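Each value in this text was obtained by applying a stated rule to the coordinates, not by laboratory testing. Fair warning: this is a prediction, and the values are worked out from it, not measured in the lab. With ideal geometry, Cβ positions are generated from the backbone for all residues, glycine too; neighbour counts draw on all protein chains shown.
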Amino acid sequence: MKSQFLVFGKLIVILSLAALLAPVSLASAAGPAFESSLVCGGCHEATHRNWNASLHALSFTNPIFQTAYQKAYTETGGEAKKYCLRCHAPTVQVTGDYDAKLAITREGVTCDFCHTIVSVDLKNREKPFVSEPGKVKRSVLKDATSPHHQTKYSADFASSKLCAGCHAFDNRHGVSVGNTYNEWLGSPYAKEGKQCQSCHMKEIPGATANEGGRNTIHDHSLSHNIASMNDAVVVTIKQFQRTSDRLGVKVMVTNDRAGHSIPTGTPERRLVLEVRSHDASGAVLEVHKREYHKTIVDADGNVVSSDGDVFLNGVKIVSDNRLGPKESREESVVFSQKTGRIDSVSADVYFSYQALVTGKTEMRIPVFNTRTKTTQ
């Protein structure tokens, strides 16, 4: 079933239901204990509420991942768990809970995983994070104190390297299917010293702790919201060229604020430009579209687009017209309607993400059928 990303929450997702209803487990039988996010939220309520609405919190339970993961798991005889869960449920790197029996695994990119990272080794792609669960919690704050745990400053928390452990991902064929970090690394922002956190973890109003602390928190929703997306792309209608039966329009599209390509991530994510002509009443006369995305093919040359197939079977990127950081692209559009009818032209952009998800549907199995004439 195909479904737009923005409405997936309305589907009844069977695969992750058990995970959402399971009790919280704080420790692993196979390794050191991680604290549940609910424990963290007991003192850090504002931050927990902010994180709880993030893609990090949903990284394991969201229906898009669950559908792709089940496909990958089946096609690889279970081997997919070793490279899927290391980012979507990263506590498994310490606990070894690759069957997701522990509730802490199902919390996704949970608080205690990140805040117990000691260092990041990007040369070790299989296990880039060195994590030490325990009473020491690390962050970017140099003056933080707590009566409940020890605190320690970590320079990695202010560095994009912390993000790169997951957001510089090559699939099993060595194809860069999720390379947001390297897109940033080659950008003007990296040269200016602006890290991923500069945009995605800005300070916002909120108490760092229920008692004491500061009155601002770092945005743990990672600024994945409509406001941040509206700021990212700028569209300008530049020039008209009118003839007796044609109207040519030049439109400039600019990746104005994103420190990575737009859209970043897998090929299912597309940026779409629509340019429309209107008559005097505002009715649309004609529509032209441009799409910005990358295309990946499998070993037979077939285009693969679903998230699961890209990670499993993508062997080559054959095209990529996405907008790089600070890049502007001029698009020429020609309307064929009689120019006398065209009163105005509009242009807008939107993100399109058609992901494969599993939802509840009806299956009918015939058991008995009868028909009787109404006249004998």
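Run lengths n ≥ 4 of DSSP H only: what is the helix-derived mean residue ellipticity at 222 nm for the chain, with -39500 (n - 2.57) per run over all residues, to the nearest 500? If you can, show how the numbers build up before the last one.
Working: 13 runs with 87 residues, N = 376.
Theoretical 222 nm ellipticity from helices: -5500 deg cm²/dmol.
Rounded, prolate or oblate: which fits segment 67-206 when a ≥ b ≥ c are the square roots of the eigenvalues of the alpha-carbon gyration tensor, with rounded for a/c under 1.5 and prolate only if a/b beats b/c?
Values: a/c = 2.19, a/b = 1.23, b/c = 1.79.
Oblate.
So, R0 is 30 Å and r is the distance between the beta-carbons of residue 75 and residue 352; what FRET efficiency does that work out to, to 0.05?
According to the calculation, E is roughly 0.70.
Quick one: putting +1 on the C-beta of Lys and Arg, -1 on the C-beta of Asp and Glu, what dipole do you get for segment 228-356 around its Cα centre, in Debye to the nearest 20?
460
Specify the angular offset, from 0 to 90 degrees and rounded to the nearest 10, of the alpha carbon long axis of helix 63-75 from the longest principal axis of the alpha carbons in the chain.
80
Taking 41 Å as R0, compute the FRET efficiency from the Cβ-Cβ separation of residue 332 and residue 158 and round it to 0.05.
0.45
Rank 171, 120, 374 by how far each Cα sits towards the positive end of the charge dipole of the chain (+1 on Lys, Arg Cβ; -1 on Asp, Glu Cβ) and give me just the farthest.
Final value for the positive-end residue is 374.
Scan (i) 22.3; (ii) 20.6; (iii) 23.5 for the value of Kirkwood radius over Cα pairs in Å calculated from this model and give just the label.
Correct label, based on the coordinates given: (iii).
Considering the dipole of the chain built from charges on the beta carbon (Lys and Arg +1, Asp and Glu -1) around the Cα centre, which of 197, 148, 133 is farthest to its positive end?
So the residue furthest toward the plus end is 197.
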